[in-house]
Amino acid sequence: QVQLVESGGGLVQPGGSLRLSCAASGFTLDDYAIGWFRQAPGKEREGVSCISSSAGSTYFADSVKGRFTISRDNAKNTVYLQMNSLKPEDTAVYYCAADLILCGSTWSAVPWDYWGQGTQVTVSS
């Protein structure tokens, strides 16, 4: 069965860092684009970052550019989201998603076929 499992969330202070992992089973991640999304209480889900199947294209929301990095390790069938200089407004449940799509300018607006359960990130003093 196709599954995505996020891990790496937790409680960090403002300015701290976390690395989230998105591990796939039932399919090979290097055939798919992977997106990271987040949803905070009372807010709409928003796209954070996307990496293409070839890793040739990456995209970031304006709110995280310069602070977050997305990468993939095909040998581990895992995609990572490195989050640096975290702010309280980054607090949310973070989800990864997979689809056979391109990471283009509209990546966050299209339906994604596969979703993980999410991992909580809390940035607070």
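What to note about this one:
- The single condition from (1) among the hydroxyl-bearing types (Ser, Thr, Tyr); (2) within 13 Å of ILE34 (Cα to Cα); (3) not in a strand (DSSP E or B) that TYR59 fails is (3).
- Of the residues making up the range 62-85, those that are exposed (fewer than 15 other Cβ atoms within 10 Å of the Cβ) and in a loop (DSSP other than H, G, I, E, B) are ASP62, SER63, LYS65, GLY66, ASN84, SER85.
- Extreme residue, nearest to ALA23 (Cα to Cα), among residues of the range 86-118 that are crowded, with 20+ Cβ neighbours inside 10 Å and not small (Gly, Ala, Ser): CYS96
- Residue match in the range 8-17 (condition: touching a Phe, Trp or Tyr at 6+ places or on another chain (Cβ under 7 Å), part of a loop (DSSP other than H, G, I, E, B) and not basic (Lys, Arg)): yes
- Some residue of the range 22-37 being touching a Lys or Arg at 6+ places or on another chain (Cβ under 8 Å), at pLDDT below 95 and assigned to a helix (DSSP H, G or I): yes
Residue by residue, here is whether (1) modelled with pLDDT under 95; (2) in contact with a Phe, Trp or Tyr (Cβ under 9 Å, 6 or more places away or on another chain) holds:
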residue	(1), (2)
LYS65	no, no
PHE68	no, yes
ALA75	yes, no
TYR80	no, no
ASN84	no, yes
PRO88	no, no
THR91	no, no
TRP107	yes, yes
PRO111	yes, no
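The values are calculated or read from the model by the stated rules, or taken from the named source; none is laboratory data. Not measured: the values here are computed from a predicted model. Ideal geometry is used to build each Cβ from the backbone, glycine not excepted, and the neighbour counts take in all protein chains shown.
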